[in-house]
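S.K.: Sharing a structure, written as structure tokens. Questions coming.
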Amino acid sequence: MRLTRRQFISSAAVAGFVFLGGIRVKGESKHYVMMIDVDKCIGCGKCVIACKTENEIPMDRKISRTWIEGYNIKVRFPYPESEVEKVVLNTDENPFQDFEWDGDKTYFIPKLCNHCQNAPCVQVCPVFARFYTEEGIVLVDKNACIGCKYCVTACPYGATYIHPEQKVTDKCTYCYHRLRRGLKPACVTACPTKARIFGDINDPNSEVSRILRTEKIYLLKPEIGTEPQTFYLNLGDKTFVE
Amino acid sequence: MKKPIINSLALAIIVIGGLMVYVFIISPPIKAEFISSWLQIEASRKPEYAGNEICAQCHEDIYAQLMSQKHSSVPCEDCHGPLYDHTLDPEKRRPIIDDSRESCVLCHKKIPPRKAVGTIDPETHAPEFKCITCHEPHKPWFK
């Protein structure tokens with residue numbers, strides 16, 4: 001097969017673009033973000049049940065697209081020497097109810113895929129199965145994914161895993177199929193205390209852009225430069241987040 | 001002495017070459033149409049949870065009662081199960097009615113990190129009664 005000069009240059013440009021930045025479908029339309037108010041989370045686990053029901057993840061397996069971490073901290077001085085215990089809720093059984101909360105500081109932190117705008121999982125994927133949509137969501141093309149687990153090791157938030165039945169990687173999609181129907185993600189729909197807030201950041205009248213303008217926003221691991229799109233509220237003094 | 005090195009080198013070249021052939025030739029190349037086809041597959045999945053706004057369209061009375069007090073932020077489907085199918089065909093999928101103590105205690109047991117809701121100790125707070133004896137879930141304070 002012979003290439004003309006024009007074809008060669010354009011294909012090289014496309015390949016370079018793909019290698020450097022991954023495929024990014026840009027648009028001026030919408031940009032979805034989630035905000036999580038840590039003080040409002042009560043650790044009931046309704047979001048985990050909703051997510052696993054919605055996305056057909058086996059309920060009894062200890063994997064989930066979203067999960068809740070409970071921290072029990074006995075404070076020592078200097079502060080980094082405190083004793084930290086972490087309990088994880090990622091099935092329909094709630095480990096928080098019978099846990100012995102004897103620490104000085106206790107809190108819940110719901111976690112999910114941060115939909116980074118500079119995502120390590122997109123950069124490392126050898127078959128380019130991961131891509132950014134125009135709404136700022138990172139998706140996995142499960143027809144292209146070969147299950148090599150590079151993204152599982154690359155993700156600094158531990159938000160991606162191998163689906164036990166489909167044998168390809170799986171992660172939060174912000175419930176893309178629900179967004180297309182005008183619904184909110186399942187975890188946001190199921191949260192009884194409105195600890196999860198979801199919306200379009202490009203719309204100046206939405207709740208998320210109001211909060212972004214007026215309140216303090218915290219990110220998980222901001223120092224590694226992944227530009228996460230899941231924002232945390234009231235995380236301030238909670239130093240221990242793994 | 002030399003042979004094992006050559007053999008292992010050949011093996012490495014075969015493995016890496018095979019991987020390269022798979023990645024760059026056999027596996028589907030990246031084109032916009034592949035991604036849009038996956039977007040269609042992803043978008044065509046059926047939801048399970050409907051959301052409060054859809055429930056309110058038919059069940060106006062109970063929704064107005066729910067919105068009038070402290071449980072106003074609690075979604076219907078947290079207690080009644082996922083009900084998107086119920087909105088399509090109300091007879092086919094019936095809502096769950098779970099009035100056990102365990103389902104209330106899931107949010108209202110007193111544990112230290114739980115600050116945003118009112119909590120009780122289920123060991124001492126009327127242990128022999130169901131919660132719905134005194135508290136109506138759609139208007140919990142009081143029956």
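S.K.: Under a 1.4 Å probe, what is the accessible area of chain A per residue, stated in Å²?
M.R.: Details: 11480 Å² over 242 residues.
Heavy-atom accessible area per residue stands at 47 Å².
S.K.: Each label point is 7 Å from the Cα along the Cα-to-Cβ direction; what then is the distance between the points at A:Glu134 and A:Glu215, in nm?
M.R.: Reported label-point gap for A:Glu134 and A:Glu215 is 3.1 nm.
S.K.: Answer with one residue from A:Val241, A:Ile201, A:Val75: the one whose Cα lies farthest towards the positive end of the charge dipole of chain A, charges on Cβ with Lys, Arg +1 and Asp, Glu -1.
M.R.: Of the candidates, A:Ile201 comes out farthest on the positive side.
S.K.: Taking chain B as a Gaussian network, Cα atoms linked when under 10 Å apart, which of B:Ile14, B:Ile96, B:Ile111 shows the biggest mean-square fluctuation?
M.R.: Checking each option, the largest mean-square fluctuation is seen for B:Ile14.
S.K.: Set the Förster distance to 56 Å, then compute FRET efficiency between B:Lys115 and B:Ile6 from the Cβ-Cβ distance, nearest 0.05.
M.R.: About 0.25, to the nearest 0.05.
S.K.: If you scale each eigenvalue of the Cα gyration tensor by 5 and take the root, what three semi-axes come out for the protein assembly as shown, rounded to whole angstrom and sorted largest first?
M.R.: 43, 26, 21
S.K.: Among the aspartates and glutamates, which have Cα under 15 Å from the Cα of A:Lys62 when same-chain residues fewer than 8 positions away are ignored?
M.R.: In chain and number order, the partners are A:Asp92, A:Glu93, A:Glu165, A:Asp170.
S.K.: Ok, one more. Which loop trypsin sites (Lys or Arg not before Pro) in the stretch A:53-160, with loop taken from DSSP, have no more than 16 other Cβ atoms within 10 angstrom of their Cβ?
M.R.: Numbers: sites: A:Arg61, A:Lys62, A:Arg65, A:Lys74, A:Arg76, A:Lys86, A:Lys105, A:Lys111, A:Arg130, A:Lys142, A:Lys149; in loops: A:Arg61, A:Lys62, A:Arg65, A:Arg76, A:Lys142, A:Lys149.
Sites meeting the loop and neighbour criteria: A:Arg61, A:Lys62, A:Arg76, A:Lys149.
S.K.: How much accessible area is lost when chains A and B come together, counting both sides, with a 1.4 Å probe, in Å² rounded to the nearest 100?
M.R.: Roughly 3700 Å².
S.K.: What's the extension gain from B:Ser37 to B:Ile13 if we count 0.36 nm per residue and subtract their Cα-Cα distance?
M.R.: Roughly 5.1 nm would be gained on extension.
S.K.: Quick one: which of A:Lys74/B:Lys115; A:Lys149/A:Lys171; A:Lys46/A:Lys167 span more than 24 angstrom between C-alpha atoms?
M.R.: Flagged as over cut-off: A:Lys46/A:Lys167.
S.K.: Give me the one-decimal nm value for the distance between modelled label points at A:Lys86 and A:Gln117, 7 Å along each residue's Cα-to-Cβ direction.
M.R.: Computed distance between label sites A:Lys86 and A:Gln117 equals 2.7 nm.
S.K.: Could you give the accessible area per residue of chain B, probe 1.4 Å, as a whole number in Å²?
M.R.: Values: 9940 Å² over 143 residues.
Per-residue value: 70 Å².
S.K.: Another question about this same structure. Separation between the A:Phe77 and B:Glu136 pseudo-spin-labels, each 7 Å from Cα along Cα→Cβ, expressed in nm?
M.R.: Placing both labels 7 Å beyond Cα along the Cβ direction yields 5.4 nm.
S.K.: Here is a further query. Of the heavy-atom accessible surface of chain A (probe 1.4 angstrom), what whole percent is carbon and sulfur?
M.R.: In chain A, the share of accessible area belonging to carbon and sulfur is 53 percent.
S.K.: Return the Cα extents of chain B along principal axes one, two and three, sorted largest first, each rounded to a whole Å.
M.R.: The Cα atoms of chain B stretch 87, 41, 27 Å along the principal axes, largest first.
S.K.: While we're here: What's log10 of I(q)/I(0) for the stretch A:111-217 at q = 0.15 Å⁻¹, Debye sum over Cα points only, no solvent?
M.R.: -0.72
The values are calculated or read from the model by the stated rules, or taken from the named source; none is laboratory data. Every value quoted in this text rests on a predicted model; they were computed, and no experiment measured them. Cβ sites come from the backbone with ideal geometry, for glycine too, and all protein chains shown count toward neighbours. Ligands, DNA and RNA are excluded from the accessible area calculation, which covers all protein heavy atoms including side chains. Shrake-Rupley method; radii C 1.70, N 1.55, O 1.52, S 1.80 Å.
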